[in-house]
Amino acid sequence: MADRTSLTPLELVRAIGGVALGGALGTLVRDLCLKWSPAVAAGASWTQHIPWVLLAINLVGVYGATWALRGPLRHREPNDIGRLVAITGFFGGFTSYSSLFVSLAAIWHLSVAGAVLTGTGAVLSGVVVAAVALRASR
């Protein structure tokens, strides 16, 4: 089956609906997980501002998306509805690197080195988790 890059109007509507549904579910799951995040007291050190739950969510999302793309979704074309719902929708809504960088801004005001260390650790750990998922999917 050849990869197609253009969609008919009906396929486009289905794709948008699937991404929206998957994104809503992923965002809901992320929001429920973030309810476990402890509140940060005023005057707390920069280390207490590290969003551990969000970092864990992002790592689970990177692992899940990488594993799915190398495993069950490997031979599906990019516009396949299942792939759109799962990867673009669910994992796109579940992970939130933009929220992570909002947290990094709060850390930056307390410790520039702490923000750089946290951001670097978040990105590098994502790369490591993706590599682990690649190995697990073989």
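General remarks:
- Considering L100, L55, L84, the condition of being under 13 Å from the mean Cα position of the chain (by Cα), of a type in the set (A, V, I, L, M), surrounded by 18 or more Cβ atoms within 10 Å (Cβ to Cβ) and closer than 23 Å to V129 by Cβ is satisfied by L100 alone.
- Residue tally, condition out of contact with any Gly (no Cβ under 7 Å at 6 or more places or on another chain) and either surrounded by 13 or more Cβ atoms within 10 Å (Cβ to Cβ) or among the small types (G, A, S) (or both), over segment 32-47: 10
- Count of segment 1-59 residues which are out of contact with any Phe, Trp or Tyr (no Cβ under 8 Å at 6 or more places or on another chain), farther than 21 Å from I107 by Cβ and of a type in the set (V, I, T): 5
Every number in this text was worked out from the coordinates using simple rules, so none of it is lab data. No experiment lies behind these values; they were computed from the predicted model shown. We place every Cβ from the backbone using ideal geometry, glycine too, and count neighbours over all the protein chains shown.
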